[in-house]
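Read the structure below first, then the notes.
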Amino acid sequence: MSKIKQFDFGVPDTSWVNKARFGLVHIILFLSIGWVSAQTPDLSPTGSGVLTSQDSVRFMDGDRLPLVTQEMYNIKYDSAFVGDKLRKRDQLITVFGYYRLFVYGRNMTDAYPNLEPFERAYDVGDGYREPMLSLNVVARPNGRSSFGTELFVFAPYNGSGFENNTFSTNLGINFYGNFRTSNGTFGVRAGGIHWYNLSPFTIGVYQILDRFSIFDRTPWEGVNNTLKYNSYFQTGATSPGDLRWNNQAFQGLILNGAKLPGDLDFDLFWGKTQPNGGLAGGLVNDPNLSIPPTLDAGSVPTYIGFAGVSRNLPSVIRGGKLSKAFNAGKQVVAYNTIHSRTALDSINKDAIQYAVHTLSLNLSVLNGVKIKGELGGGNFESPNYGKKWGEALMMRFFVPKKYTFLETDFQIYQISKNFFNQNGEIATNSNPDILAEAGLLLGANGAGGQLALVNQLVHNRRGLNINTGYEIGPAKFIAGWGISEEIDPVATSLSYVHRINGLALSRIYNPFPANATGPAVFDPYGRKFSFFRGASEVVQTTDLDAANAETLNRKYFQAVDLQAKVKLQAFNKELFLFYLGSFGSVKTEASLIPSLSDQSYLFVQYHEMDIYYEILPRFILTTYIGLEYAKGGAFTDWDAETQLPRDQVGQAYGVGFDWTITENAGLYVRQRWMKFNDRSFGLDNYEGHETTIELKVFF
Amino acid sequence: MQKIFHLLVFTAILLAGIVPVRAQDGGSKESEKADDGQRVRFNGLGRAYLLNTEIDGNVLDGDTATTREITDGSFLLDLKINATPNDKTEVQAILRLRNEFGGFFGAGQTVEVRELWARGIIADRLKYRVGDMDLAMTEYTFFLPPEEGSANLAAAFLPQQDVIYYENFYTDENTRRIQGGQLDFGLNFTDVLDEADFSGFFARTRGTDFFTTPSRYVTGGHTKFSTKTLIDTIGLRGDFGFNIVHTFDDLKSGDANSGIRNTVWSADYDFTVFERPRYAIHIQGEAGRSDLISKTDSSTLYESDDWFTDIGIGLDLKQQKLKLLLSYVNIGPDFFSMGAQSRRVDYQAEKTYYDRVGNDAGVRQTSLFDITRDPAVYTFRMSDRLMNYDPRYSNTLPYGRATANRQGLRFTAQYGKNTDVINADLAVHALGEIRGQGTAELKRFILIRPSANLNIHQLLDWKKTLRFTVGYQFEQTTRDGVQVEQVDLTSNLIDLGMEAELFPRFEILAGFKYLNSKGSDYIPQIVQFNIVRDLPSRSTYDDQETLLAAGVKYQFKKGVYLTLQYQAYNFERSGDGLPDYGLNQIFALYTMYF
């Protein structure tokens, strides 16, 4: 399924200095400690090679990452804070957290008609379920077991007293245990949410390190000064310290074994990921039905009733992996498998089920060349879709300078339209037959033929991606290029992300209202839908066979990502300039460069410029400019009146500041002016502005 | 409002100050009290419980409505916050955070206060406690009798029993959870009497709706006296006490105008009449009376009273580790004690899974499987009417030792300790009715329940545990007379278990339960307030239940364990023509007391 992380599609978090100050990260840290403790009972930091989470990220000079090969390395985390706390005998239970006041206001001076009367809204909170007070409770009753939870407190400050205040748990309750035998170390994780990763094609997430603007803050960011921007400049890490970025939410039971005879490790799990937990849904095509009846910005969705799927109906995912390390861990080969089954009826006769089996590789060869890959296949089956197998093959080569002059990353892949998985990094919303059966997952950011970023994999595609980069003086330049084609010409719709104002739109059209049954479609033409901190748009293609409504042409996809990062000293203060350019197109024939031509279905380009300057000590001026162009081709839906395909321009201008008031407290203000105009579709226009004020205090 | 209350409680206690803890029952643990300078402590329970249950059997023939498989579970954290602002005061709250399996990001989550109480000592003399409390007196006055369906529960079933007990506040002392206040004080003597303890309590067991349901209260107390050794040559000494429990409805509040009064008082005793190093002889028992009134503001609707007597002689063979007790009991037909006769298993409670099955959505009969697994069929509350019971599981003493309308002999024997190679128990009840139900003929009851634990590791001097457990219960009910009066119901219950420690703290568990019941009986039915209907329709049984469990358990430390189990249950019946069914269950349970 779509794998820009459904619940974490946000700007990166690089607060790696304010140690032990992330609310959410703390709990994640604890989860990791539980996990780590399964392997190292003394709770010591795991060192490199083991992905953990932490209160802070320690970026060390010796670990400087190559420009384009950084995905090969796991960022090193410092798990000392909670680890130290838990080691102290008199701290059986540790409580810490943060307070976050988030004031939100908007005024849409030109809004979609169906927004009335909510064009102007001011409130506390932006409608996403984020705590105002986060209390993390973690404990380690003994060296072999531990637990953690995060309490969620929210007060909307709406003058109604305290009836509307919320007190609950945030993510859930997690339990850990571990034990050692002479034959290996074994661990258990129970409860949830656990952030879990098996392999990219089975349980994993498409990772993006630095190809997004960081102008808007994430709710889980820390309090820091310019260090966030330094981190972004230096590593490009989007969210170090937040395991959610690379992991799927999982509830259930995970058993693992390590250091087994023969250098074998294993994982076994049984439980639910989000699609098994009632978040599955179907794409809503009637915008009038999908717009939530109440759009009170700042409301706290209850998340109850998603998809109408009873949680005690059978819907579980199970699987595991068996891995073997060679050559002191430099070469790792693993067999990974998952099987998900969701009952469709009460008597459990009809079900949607899919399975994936892969062999994943992580190898070092030829004195510096690193190879990552995953080779396997999967199947999908439903009452109206017979069981069909499809391959998923990907190899990626990271070649150092000495071989190619520039550090280069090559990726080749071929993924069948019958390969389906809602929990892996491959977006699997392109097969309309499967989409009709499985629906579009609530939170998905694409449907149909998805216009993907470089290295973002989509099924029913074969293609090639190349990344390279160069550093000169205070500047870094990174370029990515990708080309792919449909294996089977099946897509009758395309989709692309509105990157420039997507976050602001999703705050207006909340993708997770109570009792939601699918993604919130919100525009007058029923083609835009929101997801977590973003919005996408569906494009209907028109080159269809009149007899069966199937597409007539195979589609070819092109993508180019460009990035420039500059760090300067101006008047002895740090100045950061970040540029992101992204281009993508879909055509009826192969093309090296994304462009608009007679063969084009769609051409989209984004340009984003962030500037951050510490004009006063601990006071950083932040600015943002974003431009977005999307043009439809001849074989896409036309406006009935103008008889023209979409021709969209999106603009955003932002200004604000970060003010680190004290070591543990910060004030963050952002003002965004946004404008969108489709010159062909007369109703598809909006204009307005958004103001956010965030006060965050850690304790 | 409630959430905010929870938050305030949590925050207030979280921010409380620091002084050493005083040792008191139910509060902080001894080990924690050694922690210096801490006056707020956190303990509690964490639990992850995941279950997958499938149903099969003839009950599904032609069925298009019953869910074939249910996956459920929950993750919960009970955070016990214990504060001791000074060495004579203690406050404790338990906050429960619960997350339903499958509920992501706030869905299916609840936060509630599970327990809240305070206690202390006034003037170094008087102990008080207010709020939630667990209370037990004697088996005829205020007591929570054990549940049926088990002769010697295998270790494989204990984790689920632990869940049931914890959820319903059950303790080893057969206490019942109430909310109110309690005062205790004691006296020491120099002559004849050694000490005397006095205790009184007052609790509300039900709130009023101000219309038809009045508030209900229970109050009572006991005095306990212990003598010194009165005659040294024979070791004569004794313990005796007086108990009273009074349950009543408040008819002055609101519009409710009918309610009950139930008073039970008794005297209990345990005299050691002869004691030597090798053996001792006891005379022990209890006798008392109950009064029950159902009334309105101005008139009495129903009234009854009766006596009970329980007297026994016990022999304690110390060297042989054998304890024997032979008792005569006579519990009057109208003896009624809400505090002692209210059962644990409520057969009218809605089960949490497969409560209804089949196309007609018929209510599934509560079975051995439910009694073993489902906390929802259990209660700790007091009932003002005799609760329903299932004679297949318990017909002789469905309301525990205080079951009314019984007279006869009881014999119990206990041999060995848990650490011995063998420890065993035997209980034999030969009872009969005092008053016939719908007939002058009286039912006769025979209940024989032997059980034993065989510690093979003790026998072979192994370090790792290998234990087999066995229990058997034979129960027979008969009544003579003409055909319509005749009753003949026999049931056999077998419990088998095995615990084998494969690696240190890693055990393989196996358990087996079998119940066979055949015959017929008239199950008493309540037609008016606590009046048993004479000769209801006859119930006929020819049933067979089997429950097999197998799995593993790893104990990280005492109170922290993970168990994975498979259980297969089968219910075959031919007596009532209803279809058979089976339940197959896989579950994982991670329990963490901290």
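A short reminder: the numbers here are calculations on the coordinates, not readings from a lab. Computed from a predicted model, the values in this text were never measured in an experiment. Glycine gets a Cβ as well: all are built from the backbone with ideal geometry, and neighbour counts include every protein chain shown.
Net length available on complete extension from B:Val484 to B:Tyr347 is 46.7 nm, with 0.36 nm assigned per residue and the Cα-Cα distance removed. Run the reach check for A:Lys696 against aspartates and glutamates, Cα to Cα strictly under 12 Å, same-chain hits fewer than 8 apart removed. What comes back? Partners found: A:Glu221, A:Asp658, A:Glu663. Beyond a 27 Å Cα-Cα separation, which of these cross-linked pairs lie in this structure: A:Lys476/A:Lys555; A:Lys370/A:Lys555; B:Lys417/B:Lys553; A:Lys631/A:Lys675? Check vs 27 Å cut-off fails for A:Lys476/A:Lys555; A:Lys370/A:Lys555.
For the range B:136-292, give the magnitude of the charge dipole about the Cα centre (Cβ charges: +1 Lys/Arg, -1 Asp/Glu; no others), in debye to the nearest 20.
240 debye
The GluC sites (Glu not before Pro) found in the range A:339-393 include none that occupy coil by DSSP while having at most 16 further C-beta atoms within 10 Å. Across chain B, the convex hull enclosing all Cα atoms gives 190 Å³ per residue. In terms of surrounding Cβ atoms within a 10 Å radius of their Cβ, A:Val539, B:Val130 rank from fewest to most as B:Val130, A:Val539. Listed by chain and number, the aspartates and glutamates placed with their C-alpha closer than 15 angstrom to that of B:Lys295 are B:Asp249, B:Asp250, B:Asp255, B:Glu303, B:Asp305, B:Asp384; residues fewer than eight positions away on the same chain are left out. Within the straight-line cut-off of under 16 Å between alpha carbons, the aspartates and glutamates reachable from A:Lys349 are A:Glu381, A:Glu437, B:Glu54, B:Asp56, B:Asp61, B:Asp63, B:Glu69, sequence neighbours fewer than 8 places apart in one chain being disregarded. The residue among B:Gln109, B:Gly120, B:Ile94 whose Cα reaches farthest toward the positive pole of the charge dipole of the range B:68-131, with charges on the beta-carbon of Lys, Arg, Asp and Glu, is B:Gly120.
Spatially, the range A:315-366 and the range B:65-92 are offset by 35 Å when compared through their Cα centroids. Taking the alpha-carbon centroid of each part, what is the distance from the range A:401-480 to the range A:633-677 in angstrom? First find each Cα centre; the distance between them is then 24 Å.
For chain B, a simple Cβ point-charge model (Lys and Arg +1, Asp and Glu -1, everything else neutral) yields a dipole of about 1380 debye relative to the Cα centre.
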